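Have a look at the structure below, then the notes.
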Amino acid sequence: MSAPDAGEHDVLIVGAGLPGLALALALRGSGLTVALVDRRQPSVDDTASWDARIYAISPGNAQFLDRIGVWSRMDPERVTPIETMRIFGDRAGAQLDFSAFDAGERALAWIVEQRELMAATLGAWAAAGQPETIHVDAAPEALVRERDRCALRLENGALLSARLVVGADGLRSWTRGQAGIAGELRPYGQTAVVANFATHGAHHGRAWQWFQPDGGILAWLPLPGRRISIVWSAPEARAEELLALPEREFTDVVAAAGASVLCPLEPLTARASFPLHFMRPAGPVAARVALVGDAAHGVHPLAGQGLNLGYADVEALAAVLNERGPIADPGASLLLGRYARTRALPTLAMQATTDGLWRLFNAGPGLPGFVRNAGMSTLNRLPAVKSILMQPAIR
């Protein structure tokens, strides 16, 4: 923890969550001095046996995490491959199947608990000797961008300086606002309800997803052994009902909505929830500022790509800074422009896909309902097209 003294750095990362820590790890050996700012020390909550907050990590991002020393520190008994996925429309007979074998991959994604991923990240951090400074116990208060540096003042009076400030501080990013980057923040009108369950049947590495008639989306994701994690993106009123149900009734509702495929179910964790938003800023960079993770984009969790997009941001920005050549200034507009161009198309494509699917399944019955369900069934008979659609999600 730092005292409230002035500190000069090359790169200052605001947000010591998973993307921010990953960026600091990825910049080891870059020759740049790096510091992080967060209002609290990053830590691991181990008060429960299982964490209801889970992520689906793509094979490409698993390789990135391995390169920065994180993936090898994951407990293999807490990591589960998604080998197949079955998606059902909101009408009988509409079905879409994906297979890791067809994609030439060991897994479509790897399911990991947030707690385990943070523990592995902090383990990699500790193993590297923690040369970076983490300024904690004080929120950032003001950011002043100058021609050749940025000055960041904390609430405790500390004054920090850096040639590049990276906002890794989430969907409602303070850094994004201070940099004057306009963003479209639109609520989906849905809340994600999450919980973990023990199952009677074996999932065999399969994930399920059901589009609900009310526009909600229920996903069952495999955990180690006979366990699953569920993410139910429900309209807000429905989410309130689900959160208010007694535990046994909630379990029965989850089982029924999932066609009882692995039932009976037994709760492993308490329910948690978070509201869903779409967010697209004018761009991921401004003068001497770059955004990564949820600070740079908000997507619907129906494809499980939120953190994957964030890690892809981190990998791209780290590559630009590590390969900057004779450009000594990490905040140079040439480098920031390179990063922005690298991430523009992948981010736009993923946002268009997830937002488009959400809109399609919230368009109501009638012709839209027929089209979306018929489309799923048709696509299921076109393996070459499915393979092309899978590529952005697994890289």
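The values are calculated or read from the model by the stated rules, or taken from the named source; none is laboratory data. What you are looking at is a predicted structure, and each value in this text was computed from that prediction instead of being measured. Backbone-built Cβ (ideal geometry, glycine too); neighbour counts: all protein chains shown.
Just the residues that are touching a strand residue (DSSP E or B) at 6+ places or on another chain (Cβ under 7 Å), assigned to a loop (DSSP other than H, G, I, E, B) and among the small types (Gly, Ala, Ser), please, taken from the range 151-198. ALA158, ALA168, SER173, ALA179, GLY180, ALA182, listed by residue number.
Surrounded by fewer than 20 Cβ atoms within 10 Å (Cβ to Cβ), in contact (Cβ under 8 Å) with a residue 60 or more places away in the chain and touching a Phe, Trp or Tyr at 6+ places or on another chain (Cβ under 9 Å), is that true of ALA139? Spelling it out, ALA139 is indeed surrounded by fewer than 20 Cβ atoms within 10 Å (Cβ to Cβ), in contact (Cβ under 8 Å) with a residue 60 or more places away in the chain and touching a Phe, Trp or Tyr at 6+ places or on another chain (Cβ under 9 Å).
Consider the range 226-260 and keep the residues that are touching a helix residue (DSSP H, G or I) at 6+ places or on another chain (Cβ under 9 Å) and β-branched (Val, Ile, Thr). The one that is farthest from SER49 (Cα to Cα) is VAL253.
Inspection of the range 146-155 finds a residue satisfying the criterion of being surrounded by 15 or more Cβ atoms within 10 Å (Cβ to Cβ), closer than 30 Å to VAL34 by Cα and free of Cβ contacts under 8 Å to residues at least 24 places away in the same chain. Take SER43 and tell me if it is at pLDDT below 95, closer than 24 Å to GLY167 by Cα and hydroxyl-bearing (Ser, Thr, Tyr). When the stated conditions are applied, SER43 passes them. Scanning the range 231-267 for residues that are buried (at least 18 other Cβ atoms within 10 Å of the Cβ) and either in a strand (DSSP E or B) or out of contact with any strand residue (DSSP E or B) (no Cβ under 9 Å at 6 or more places or on another chain) (or both) yields VAL231, TRP232, SER233, ALA234, LEU265.
Residue-wise test of (1) modelled with pLDDT under 95; (2) under 17 Å from ARG280 (Cα atoms); (3) touching a helix residue (DSSP H, G or I) at 6+ places or on another chain (Cβ under 6 Å).
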site	(1), (2), (3)
GLU323	no, no, no
ALA332	no, no, no
PRO346	yes, yes, no
PHE370	yes, no, no
ALA374	yes, no, no
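Any chance the range 104-118 includes a residue that's in contact with a Leu (Cβ under 6 Å, 6 or more places away or on another chain) and closer than 28 Å to ARG227 by Cβ? Yes, some residue in the range 104-118 is in contact with a Leu (Cβ under 6 Å, 6 or more places away or on another chain) and closer than 28 Å to ARG227 by Cβ.
What about ALA270, is it aliphatic (A, V, I, L, M), surrounded by fewer than 20 Cβ atoms within 10 Å (Cβ to Cβ), within 25 Å of the chain's Cα centre (by Cα) and assigned to a strand (DSSP E or B)? No; evaluated as a whole, the condition is false for this residue. In the range 196-209, the qualifying residues are those that are closer than 17 Å to SER99 by Cα and not charged (D, E, K, R), and the one that is surrounded by the most Cβ atoms within 10 Å (Cβ to Cβ) is ALA207.
Checked against (1) part of a loop (DSSP other than H, G, I, E, B); (2) within 22 Å of GLY17 (Cα to Cα); (3) touching a residue at least 60 places away in the same chain (Cβ under 8 Å), ALA124 passes all but a single condition, namely (1). The range 1-108 holds helices (runs of 4 or more DSSP H) entirely within its bounds, and those carrying 2 or more residues that are surrounded by fewer than 22 Cβ atoms within 10 Å (Cβ to Cβ) map to 59-67, 100-103.
Total residues in the range 139-150 satisfying the condition of being over 25 Å from the mean Cα position of the chain (by Cα) and in a loop (DSSP other than H, G, I, E, B): the figure is 4.
One residue stands out among those in the range 151-190 that are at pLDDT 90 or above and touching a Ser or Thr at 6+ places or on another chain (Cβ under 7 Å): the one that is farthest from PRO235 (Cα to Cα), which is ALA151.
Restricting attention to the range 199-227, the residues being among the hydroxyl-bearing types (Ser, Thr, Tyr) and either assigned to a loop (DSSP other than H, G, I, E, B) or modelled with pLDDT under 95 (or both) number 0.
Report yes if some residue within the range 304-324 is hydrophobic (A, V, I, L, M, F, W, C) and either more than 30 Å from LEU32 (Cα to Cα) or in a loop (DSSP other than H, G, I, E, B) (or both); otherwise report no. No, there is no match, as no residue in the range 304-324 is hydrophobic (A, V, I, L, M, F, W, C) and either more than 30 Å from LEU32 (Cα to Cα) or in a loop (DSSP other than H, G, I, E, B) (or both). The sole residue among TRP125, TRP110 that is closer than 19 Å to ALA312 by Cα and among the hydrophobic types (A, V, I, L, M, F, W, C) is TRP110.
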